[in-house]
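The values are calculated or read from the model by the stated rules, or taken from the named source; none is laboratory data. Please read all numbers here as calculations on a predicted model, not as lab measurements. Note that each Cβ is placed from the backbone with ideal geometry, even for glycine, and that neighbours are counted across all protein chains shown. For accessibility, only protein heavy atoms count, side chains too; no ligands or nucleic acids. Shrake-Rupley method; radii C 1.70, N 1.55, O 1.52, S 1.80 Å.
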Amino acid sequence: MTDPAAGVGLAPWPEGTGRHVLAEVDSTNAEALRLAARLTGPAWVLARRQTAGRGRRGRAWADPEGNFAASLLLRPGGGPAEAARYSFVAALALHDALSQAAGPMARLSVKWPNDVLLNGGKLAGILLESAGAGPVTLVIGIGVNLLEAPPATTLEDGALPPVSLAGETGQRLSPEEFLDLLAPAFARRAADLQAHGFAPIRAAWLARAARLGEAITARTGAVTRTGRFDGIDDSGALILTTAAGREAIPAADIYFGG
């Protein structure tokens with residue numbers, strides 16, 4: 001099967017997808033959820049300034065001016081397990097868009113479960129949130145350090161250093177310009193998931209995975225495990241091989257090294 005990223009130029013905006021550009025908002029995820037009752041189709045919410053951005057596990061997301069902060073509202077059908085696969089769709093779409101922005105020589109990779117790296121530093125993050133007891137209303141929040149990386153003093157111990165697209169490559173894009181790359185890339189990857197299931201998404205993600213086959217540390221609450229990163233399973237869980245055997249980990253914070 002052909003990788004949908006191959007041979008892609010600047011594509012048109014996805015048909016039927018809304019676009020909301022705001023000067024300022026507390027959180028694009030929160031705004032997308034507020035808009036959900038009034039929207040019948042998918043929609044992107046982009047904010048030029050975000051005052052209360054957040055990352056995984058309630059962490060604050062630093063958002064210097066000129067960086068990208070946007071969320072996509074979707075109703076993908078199915079339950080939480082199916083919705084969780086869109087984290088990998090989003091990571092691949094980000095990788096596709098950033099490859100277009102940074103050029104073919106950029107050293108990009110994806111880090112389980114929700115980051116995109118450039119030259120080994122954290123360039124982008126993804127946050128999935130959902131609402132509804134039946135078919136899920138899904139919001140995919142995406143932050144990209146387009147112009148400026150947040151200060152390293154804001155990081156927790158062991159976290160990868162943040163980098164920016166401009167700082168690493170010299171390429172400068174506005175948030176609106178980057179959205180014009182990302183929205184079509186996401187639509188292509190989502191269509192691939194809908195047409196062919198998770199298998200090609202999983203294969204494409206693994207082809208771009210950072211530290212595959214190497215030692216990593218997974219922390220879940222008070223439990224820390226170190227082992228070899230052996231991929232992801234059909235649910236998207238991380239496969240870690242330790243001295244105790246092979247284990248599938250559905251959620252954890254990942255740190256590189258032994």
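Things to note:
- Heavy atoms of Glu168: accessible area, 1.4 Å probe, square angstrom to 10: 80 Å²
- With the helix formula -39500 (n - 2.57) applied to DSSP H stretches of n ≥ 4, the chain reaches a computed 222 nm mean residue ellipticity of -8000 deg cm²/dmol.
- Each residue, His196 and Leu39, gets one label point 7 Å from its Cα in the Cβ direction; the gap between the two is 2.7 nm.
- Viscosity 1.567 mPa s, temperature 4 °C, Stokes-Einstein D of the range 129-254 from Kirkwood C-alpha radius, µm²/s: 73 µm²/s
- FRET E, pair Glu15, Ala203, Förster distance 30 Å, beta-carbon r, rounded to 0.05: 0.65
- Against the criterion of solvent-accessible heavy-atom surface with a 1.4 angstrom probe, Asp192, Asp230 sort, most first, into Asp230, Asp192.
- The range 103-135 and the range 8-50 have Cα centres separated by 18 Å.
- Of the solvent-accessible surface of the range 158-258, computed with a 1.4 Å probe and all protein chains present, 51% belongs to carbon and sulfur.
- Solvent-accessible area of Ser130, all protein chains in place: 80 Å² (probe radius 1.4 Å, heavy atoms, ligands and nucleic acids excluded).
- The 1.4 Å probe gives accessible areas that order Thr220, Thr17, Thr51, largest first, as Thr51, Thr220, Thr17.
- Taking the inverse of the mean reciprocal distance over all distinct Cα pairs, the Kirkwood hydrodynamic radius of the chain comes to 18.5 Å.
- A Förster radius of 51 Å combined with the Cβ-Cβ distance from Leu22 to Ala243 puts the calculated FRET efficiency at roughly 0.50.
- Across the range 18-122, Cα pairs under 8 Å and at least six residues apart give a relative contact order of 20 percent.
- Probe 1.4 Å - accessible area at Ser87, Å² to nearest ten: 20 Å²
- Normalised per residue, the accessible area of the chain is 45 Å², obtained with a 1.4 Å probe and no contribution from ligands, DNA or RNA.
- Percent carbon-and-sulfur accessible area, the range 111-153, ignoring ligands, DNA and RNA, probe 1.4 Å: 55 percent
- FRET E, pair Thr220, Ala81, Förster distance 22 Å, beta-carbon r, rounded to 0.05: 0.75
- Under the criterion of Cα pairs below 8 Å and six or more residues apart, the relative contact order for the range 122-196 equals 24 percent.
- Whole-number percent relative contact order across the chain, with pairs defined as alpha carbons under 8 Å at least 6 apart: 17 percent
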